[in-house]
Each structure stands twice: as C-alpha cells, then as structure tokens.
1. Mind checking which of Ala22, Thr233, Ser183 is farthest towards the positive end of the range 21-336's charge dipole, using Cβ charges of +1 (Lys, Arg) and -1 (Asp, Glu) about the Cα centre?
2. Let me know the longest stretch in the chain that avoids all trypsin sites (Lys or Arg not before Pro) found in a DSSP loop with at most 14 other C-beta atoms within 10 Å.
3. In the chain, if the dipole is taken from +1 on Lys/Arg beta carbons and -1 on Asp/Glu beta carbons about the Cα centre, which of Trp314, Pro63, Phe148 is farthest to the positive end?
4. I'd like the GluC sites (Glu not before Pro) in the range 198-248 restricted to DSSP loop residues with at most 11 other Cβ atoms within 10 Å, sorted by number.
5. For the range 31-148, build the charge dipole from Cβ charges (+1 Lys, Arg; -1 Asp, Glu) around the Cα centre, then report which of Leu121, Gly86, Ser35 sits farthest towards its positive end.
6. If you place +1 on the Cβ of every Lys and Arg and -1 on the Cβ of every Asp and Glu, how big does the dipole about the Cα centre of the range 21-336 come out, in debye to the nearest 20?
7. Students often get this wrong, so try it: which of (i) -0.35, -0.46, -0.98; (ii) -0.43, -0.54, -0.91; (iii) -0.28, -0.37, -0.91 is log10 I(q)/I(0) by the Debye sum over Cα atoms at q = 0.07, 0.08, 0.12 Å⁻¹ as calculated from the structure shown?
Amino acid sequence: MLTPLLLALAFIDPPAIPGAMAPHMASTNEGVLLSWLEPAAPEGDSMVMRLQLSTFDGNQWSPPATVVQRNDFFANWADVPVVVRGDDAWTATWLQKSGSGTYAYDIAIARSLDGSTWTHLGTLNDDRTMSEHGFVSLVPDQDGVHAFWLDGREMTDDAHDHGHGSGVMNLRTAMITDRVGESRVIDDMVCECCPTAAASTPSGPIVLVRDRTREEVRDIELLRASNNYEPGTMLHSDEWSIAGCPVNGPALDTRGSDVAAAWFTGAPDRAGVWVAFSADSGATFDTPIQVDGDGAIGRVDLVLLPDGRAAISWIRSHDEGGSVMLRTMGRDGAAQPARKIVAIEGNRRSGIPRIAMAPNAPDRLLIAWTGVQDDATRLRTVVVPVNATDKHEAE
C-alpha cells in the first residue's frame, strides 16, 4: 500500500539514465510496467540503445531489466516501444531500421516467459518493403496478444511535404502467440503517423485510429472485433480537415463493457480535447464532452476509474512552454477542474505523457513524462491523488 508520504504529489522517478525517452505504461498483476529507450554506448556514427523495463509496485520501482540492446533502433518521440504482460508471457515490440531511408523500418517483436529472457520472433509486419511500420497497440487475452499497427507497405518513396511517401497507410492486425500470425488489413487508408489505441471488451478487442479520407478529413475511427472490424465508425464527426498528419492519436480504456475514449481535434469550433463514454463495448457512444479547449495541443492518455469516471491527461500550451494537465470527467458531464500537474517544454522532446492507476490504490494515478535537465531528456514519474480538489503543480 502507499505510505502516508504519498497522500500528496509524490515523485518516485524510475531507474532510467539521462537521455531516456519514449515511455510506455501497462498495468499488470504485479503493478505498473514502464518501458523506455535509453542510450547504452556510442558505436561509430550510431548510438547503441537499449529497451528497458521496470515495475512500480505502489512504493518503489524494480531494478531495470533489458529487453534488447542494439544500434539500429528507430527512436522516435511519438512512435514508442510497447511492452505488455498477458496471463503467461510478456510481449515487446520496437522499431528497427530495415534500410538506409529515413522511413524504412520494421516492427521487431520478442516474447518472454519470465520477463528477463527474451526470444526474438522476427517482425510484426510480414512484408519486406523498405517502408514505415509502427504505432503499435497490443491487447493480451487468453488466446495470445492482438496486435494493431500502421503499415506503410503501399506507400512509395516519393516524399510529400509531411516527410512520408505517397500512397496510403493501412491499419493491420495480427495475433501473437509463440509466433506471429498472418496479418490482415482492417482499414485501407488511415492517417500516417498518429498513435493507435486498443483495449479489450467482453465482445472482443476494439481499436481507435485517426482515419483519413480522400478529402483529408482526419477524425477518430472505431473498429470492433465483434463485427470483424468493419465497417469502421467515426467516434464523432469532428470534420477536421488537415493536409498532413497532426501526430496526435486517441486514448482508450475499458472496464468490462464500459469504455472511455479521449482524443484531440483541431476542427474549427471544436478544437480541443474531448472524451466520450460507452456502456456496450463501444457499439454506441454518448455525446462527447469537451475536456479542454483553447490552448490544448493534445497528446492524450486516459484511465477509466473504478467509479466510472475517466481520468484524462493531455498537454496544454502557454507562453512559458507547456504543462501536463489532468482532469476527471463523469459520463454525466460532472468534472473536476483541470489540474496543472507539471510544467514541461511542450515541444516534441516532451513526448506523450502516460497515466496508469497506481497499484493497490484506486484513488491515485501514476503519471510518467519526458522531462529535460541539462539539455538531456530524463524520465519522471509522480503519484497524483485522483480526488484532490485543489490545484497541484510539480516543480
């Protein structure tokens, strides 16, 4: 259990070295699993990096464990490694360069039965094109792990203004056990570089992705396993038309049939962060509720609390830089005031803040973010009371 010292904001930073980046969190029976990338050693003109793991048990972080160390990571502030634990195994994915092109990389995948010894399973994507693949979401269940990712095998080398090739980006899925199953397309045209989000429901997995139409409308689409992932439906028709990827994906969490989803849109008259609730495994959603408007730049994450409220984190921009924000919202629209948790740079080096429920403490959240000290990135984590009514700000 959390000690009395954690009744207010409590900083308990993970065992990551300076230069660490790309945090991702997943809940397990033992606590909150945090994964990240950090530099290991320079090697010629490249940098050897390692994918690290540590678990927070409610009081402290476990010693770090290394999944893999190599010099050909595609390290990115938005497209990060993902590590989850199912009933009998850990699964990890990371981006690994496949050629000399800027956007030539595969999704490498490994599996472990004990969290310390890892077996490389090859690549999640089953093509050998020198194209981009990434933004993975993993959903464990009793049959294995459902994987979802953006797949660029249909994109060419002709660069557009946004830096990617021409052609279209697909959303694909595959099943992972002790091997990687055959993949299939579940949406043949999506936004090129917005993170995906997926979660489990009694009706099977659901996945959120930023869609893309021929008219360059890029709203959030929901796909459900229970209807074979098609046809996909818009979470809400924001009608955000933007001729380029905003690198701003949705967030999703579930508790049984209850679902909460959060996202950012820059659509006129709707710009800001929104949340919507479902009580039927995502088959239908209530009218979205605005979490924040002017000043919000997105990069959302979300936790569905035991009492049915959603805790949403996002980044807000202001003259001095940016802030990690937190707010709880109920399905009935009842909300706490938005809380400024910590000041950050607000640029891409800050990455995407992550939140999870603190172990053994449903009234507290664990928040992870990428800070900067002495011009080097560093990972920070803090435990935050869910029901605090006063504003907190970390130093």
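Only the coordinates and a few stated rules stand behind these numbers; no lab work does. Keep in mind it's a predicted model, so treat the numbers as computed, not measured. With ideal geometry, Cβ positions are generated from the backbone for all residues, glycine too; neighbour counts draw on all protein chains shown.
1. Of the listed residues, the answer is Ala22.
2. Free of exposed loop sites, the longest segment is 215-390.
3. Of the candidates, Pro63 comes out farthest on the positive side.
4. Glu215
5. Going by the Cα projections, it comes out as Ser35.
6. Using Cβ point charges on Lys, Arg, Asp and Glu, the range 21-336 gives about 460 debye.
7. Given (i) -0.35, -0.46, -0.98; (ii) -0.43, -0.54, -0.91; (iii) -0.28, -0.37, -0.91, the structure-derived one carries the label (iii).
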